[in-house]
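To keep things clear, I will list the structure first and then write my remarks on it.
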Amino acid sequence: MKVFIIVTLMVLGFSAYAQTKYQVLGTVTDEQGEPIIGAGVLLEEIGIGTTTDLNGKFILSAPKRNYTLVIQYLGAKEYRNTIYLNRNQNFNIEMVSTSQELQEVVKTARAEDYRITSIPGVERLTIKDLENVPQLMGEIDVINSILLLPGVSNTGEGSSGFNVRGGKVDQNLITLNGGEIFNSSHLLGFFSIFNSDVVQEFTLYKGHMPAHFGGRLSSVLDIRTREGSYEEMKSSVTVGTVTSKFTFEAPIIEDKLSVLAAGRFTYPNWVISRVRDFDVKNSEAGFNDQNIVIGYRMNDRNKVNLSLYRSFDRFKFSDDFQFEWGHQNASLSIQNALKENLFHEFEANLVDYENEQYDIPGDFAIQNGMDFLSFKDNWYYEGEKHAINAGVEYKRYTQKPEKLVSGERSGFESLDVEKDQAYIISGYVNDDIKLGKLTLSAGLRYNYYAQTGRDQVYVYRNGSPKRITNIVDTVNVASGNISEYSNLEPRIGINYLITDNISLKASYNQAYQYIHLISNTTSATPIDLWQVSTFHIKPQQASNYSFGLSFTGAKRKWQNSVDVFYRDIDNIYDYKDFAELFLNNHLETELISGRGRSYGFELLFEKQKGAWTGWIAYTLSKTEYLIEGDFPEETINDGNWYPANYDQRHNLTVSLSRDLGKKAFFAFNSVFNTGRPFTGVESSYNVNGAVVPLFSDRNKYRIPHYVRFDVSLGFKSVIKSLDDKLNFSVYNLFNRANAYSVYYRKPSNVAIIPFSYKLSVLGRAFPSMTYTVKF
């Protein structure tokens, strides 16, 4: 009995000792001080490992003893260090690059198993992941690259924005260092406003959206710029056939204060002038943008970043119309490491967005825009089993007055239309919990919304549709808020590891959206109007569901995923026939609300290693609306479901690249999209010499399918004495005239039946060349 008691006490004592664990925390950076994402971290003796997160940080827990800490990353020398773990320890580790030849080529800067371990619906990319993807005019582009991913599409060449899992363009929250972007496109969608030379990373949340993001229904595209070098002066110049750009970075105070400056400009008019079509030949286009990032490291635990951005676009089509639009963004970030696992960040953002449409024959212009201000105070705790984000956020939207600016020939008087203001106060908490093979991301966000600004609310006649002629009264709000809304948004995402190579994922997100992009065109344009929610224009609401399976092989050459999604939307807005949207301070008379739904299936096969790398992505989806009002003019298609303007049933993309030795590569994209819907003319009749067309049900027909093939050939070193690269690419190699829209024109003045025609924006192969030199 004594022996039994002694043995039992020894076992219990050993168990208690073994259960005492300490944390190994750290930050992994490259030689320029930039965080390394996806580096492998391992305690060699017990085989416990992890990968570094978006900030290059890692955390491990283990019992007290000696360990060998091993860190590995492609293109860097292995880091090994013997440590004695008898307390929580924190490490700052700089990986040293190496030119050692590798047996296999890995094209991704992400962890090999990030799809297996991440929360549902996350696409995390760096610019390195896109270097070998063929792009229009040789430019690495964030937006055009995510269009190659499953569940992401747009309405065609020349369109602004993108659609995610059946969501509208305005249902994507796009942020640059935390500041909201209201138009992500340069040159009518052929470029995005994000300069790849200053982008550090970007993450697309198309399934589970963590609670610290809010204000949109469909997705979040979070883009972060990098800091300038704190150690040495660097610069680069890129010259292309249509665009050129430069970057400059340097330490102002070594290891303390750095600056990064970058700029882009374009000159496509020499290409446009060579097109045979008279209207295109007589058109003009161009853009420019600038970035400045100032970083200040107070000490090892405190850092301040100031980011400034400006962009300007101009597009003139023949002698018909001209668009101008631009952003100005200022972002301030203060980061504090309070303890080894407790972090604080304060963000402030100021955004000025404005646009103008000039009618050349009429000699008048319409201007509008949006001012945005936000403050965000975020706290982050990372423990052994919990990673908690909590904070508060304030956003203010101020619609600029709509202006009609008249020229001498217009015959109009200039006019200002006052618009609305609104603010949102939000509180949120999100906890990523690790329970063995189960990872649970649970969050809750509370929003309080208030409309301010104009002090009048129109009252419409009871039992009548909302028309100007049915306005019976105006309520004056002397002080306080005009309208208020508040709600809770629960968020939950689940990842369960069946094996080391297979995981099941599921998520549910509820979201509210308080601003709306007002546009009755086929696709979003730069001069569309942003409108905040009002007493009559309710916030949009969505419930998002997804379920998926991710799997990979034993050697991690492939990462594959299958996802099913469903979205149910309330207060989706469509437009009355021939709606008048500009210079209208009672927009609710032109809008009709209803329900929406989208559902589909996504499939992705991604090859990470070997001579060929890249992915194949397929999406089968359906997006439709149901608009059934109390009156015929507030009902569409007799109250039946009909496809949305941007509905595309099938989307297939193939993006592959192959190394041709150490200094060259070949890559290609192949894209197929089902033609999107349009409302067609089915017949016409003649009334007193005037031809009256009869239109089909809304979006009954579809334009032809979209097919495109791009190729690229790159050289990583051209002149031995320089750090340079040369890229040749051809966009739309097979010269296919893809349809952007279908329109109608009578063959003669006396004809009754109009002929249909398709409009192609580019419609031909577009070769380009870029040459980059780094100093």
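Between Y394 and V70, how high is the FRET efficiency from 1/(1 + (r/R0)^6) when r is the Cβ-Cβ distance and R₀ = 35 Å? Nearest 0.05. My answer for the efficiency is 0.20. For a label point 7 Å from the Cα of V475 along Cα→C-beta, name the residues of the stretch 410-433 whose backbone N is under 19 Å from it. So the set is 420-423.
Comparing T439, N669, T613 along the charge dipole axis of the chain, the residue lying farthest to the positive side is T613, per the Cβ-charge model. Net length available on complete extension from D568 to E254 is 107.7 nm, with 0.36 nm assigned per residue and the Cα-Cα distance removed.
Dividing the alpha-carbon radius of gyration of the stretch 178-269 by the rule-of-thumb value 2.2 N^0.38 Å gives 1.34. Computed from Cα atoms, the angle from the helix 2-19 axis to the main principal axis of the chain rounds to 40 degrees. Across the stretch 234-240, computed HN-Hα scalar couplings (Karplus, 6.51 cos²θ - 1.76 cosθ + 1.60, θ = phi - 60°) run 9, 7, 8, 9, 10, 10, x Hz from first to last residue, x flagging Gly and Pro.
Of the three principal axes defined by the Cα atoms of the stretch 549-688, the extents in descending order read 71, 37, 33 Å. Multiplying the residue separation of T82 and E484 by 0.36 nm and subtracting their alpha-carbon distance yields 138.8 nm.
Each Lys and Arg contributes +1 and each Asp and Glu -1, all at the Cβ; summed about the Cα centre of the chain, the dipole is approximately 2480 debye. Computed from the Cβ-Cβ distance with R0 of 56 Å, the FRET efficiency linking I48 to H536 stands at 0.45. For a straight C-alpha distance cut-off of 20 angstrom, the lysines reachable from K663 (same-chain residues fewer than eight places away being disregarded) are K107, K128, K609, K716, K720, K725, K774. Once the Cβ-Cβ distance between V687 and V711 is put in as r, and R0 is 56 Å, what FRET efficiency do you end up with, to the nearest 0.05? Computed FRET efficiency for V687 and V711: 0.55.
The phi-based Karplus calculation (6.51 cos²θ - 1.76 cosθ + 1.60; θ = phi - 60°) puts the 3J(HN,Hα) values of the stretch 564-572 at 10, 9, 8, 10, 10, 10, 10, 6, 7 Hz, whole numbers, x for Gly and Pro.
Mean residue ellipticity, 222 nm, helices only, the chain: the sum of -39500 (n - 2.57) across DSSP H runs of n ≥ 4, divided by residue count and rounded to 500, is -1000 deg cm²/dmol. The listed peptides 631-641, 186-196, 537-547, ordered by packing as a protection proxy, come out as 186-196, 537-547, 631-641 (highest mean of other Cβ atoms within 10 Å first). Using alpha carbons only, the radius of gyration of the chain set against its Kirkwood radius gives Rg/Rh = 0.99. Extension gain, L603 to R409, is 64.2 nm, computed as 0.36 nm per intervening residue step minus the present C-alpha separation. Compactness of the stretch 309-403 was expressed as the Cα radius of gyration divided by 2.2 N^0.38 Å, which yields 1.67. Couplings 3J(HN,Hα) for the stretch 319-330, derived from phi with the Karplus relation 6.51 cos²θ - 1.76 cosθ + 1.60 (θ = phi - 60°), are 10, 9, 8, 9, 10, 9, 7, x, 10, 9, 10, 10 Hz, where x marks Gly and Pro.
Bear in mind these aren't lab numbers, they're just calculated from the coordinates by the rules spelled out. Every value quoted in this text rests on a predicted model; they were computed, and no experiment measured them. Please note: Cβ atoms are built from the backbone with ideal geometry, for glycine as well, and neighbour counts cover all protein chains shown.
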